Amino acid sequence: MNNDTILLLKECDSGLKMAISSLDEVLDVIKNQKFKEICITSKNKHQILKNEVDHLLKEHHLQEKEPSLLAKSMSWLKMNFKIQMNEDDQTIASLLFEGCSMGIETLYKYLHQYENASSKIKEVTEKLIEIEKELSQNIQNYL
């Protein structure tokens with residue numbers, strides 16, 4: 001594995017952890033059953049891809065990458081603050097939509113930054129981008 005491949009794989013790992021954590025944060029407060037099902041389905045898709053990434057990391061004897069403490073803390077604070085201020089599905093959809101947008105932007109940035117990554121890891125990154133796009137599209141009706 002070249003360095004770009006390792007770095008891109010670790011960024012996917014970190015992004016998947018953030019996405020799964022964010023979805024876990026909101027599942028208990030979502031009121032609309034269809035919206036909740038969309039989020040559960042997306043979380044499952046993220047988890048399946050996370051398992052694939054974990055396998056690749058283990059296969060190549062690489063350590064997982066934790067999201068930065070600052071990013072994790074800011075995300076948690078923002079989510080919890082906004083939900084406490086207005087605990088409705090529209091607020092949750094807005095937070096998730098914003099998270100998807102940031103994730104997609106970041107992943108595209110890493111795809112260009114680590115252009116020498118293996119095609120397999122680029123495919124994993126593109127799968128994650130598609131999962132994020134699908135979630136953002138599916139929750140638009142709840143904004």
inquiry  = Among the residues of the range 104-114, are any in contact with a helix residue (DSSP H, G or I) (Cβ under 9 Å, 6 or more places away or on another chain), modelled with pLDDT of 95 or more, under 16 Å from Val26 (Cα atoms) and in a helix (DSSP H, G or I)?
reply    = no
inquiry  = Considering only residues that are without any contact (Cβ under 8 Å) to a residue 40 or more places away in the chain and among the hydroxyl-bearing types (Ser, Thr, Tyr), which ones fall in the range 102-143?
reply    = Tyr108, Ser119
task = Would you please list the contacts, defined by Cβ atoms under 6 Å and residues six or more apart or on different chains, that run from a residue in the range 1-12 that is among the basic types (Lys, Arg) to a residue that is in a loop (DSSP other than H, G, I, E, B)?
result = Lys10/Lys65
The range 49-61, subset surrounded by 12 or more Cβ atoms within 10 Å (Cβ to Cβ) and free of Cβ contacts under 8 Å to residues at least 60 places away in the same chain, residue nearest to Ile92 (Cα to Cα) = Lys50
inquiry  = Which numbered condition in (1) touching a residue at least 40 places away in the same chain (Cβ under 8 Å); (2) among the charged types (D, E, K, R); (3) in a helix (DSSP H, G or I) is the only one that Glu66 fails?
reply    = (3)
note = All conditions in (1) farther than 24 Å from Lys10 by Cβ; (2) at pLDDT below 95; (3) surrounded by 13 or more Cβ atoms within 10 Å (Cβ to Cβ) are true of Phe35 except (2)
request  = Filter the range 13-56 for residues that are in a helix (DSSP H, G or I) and among the acidic types (Asp, Glu) and give the result.
outcome  = Asp13, Asp24, Glu25, Glu37, Glu52, Asp54
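The values are calculated or read from the model by the stated rules, or taken from the named source; none is laboratory data. In this text, all values refer to a predicted model and were calculated from it rather than measured experimentally. Every residue, glycine as well, gets a Cβ built from its backbone with ideal geometry; the counts of neighbours run over all protein chains shown.
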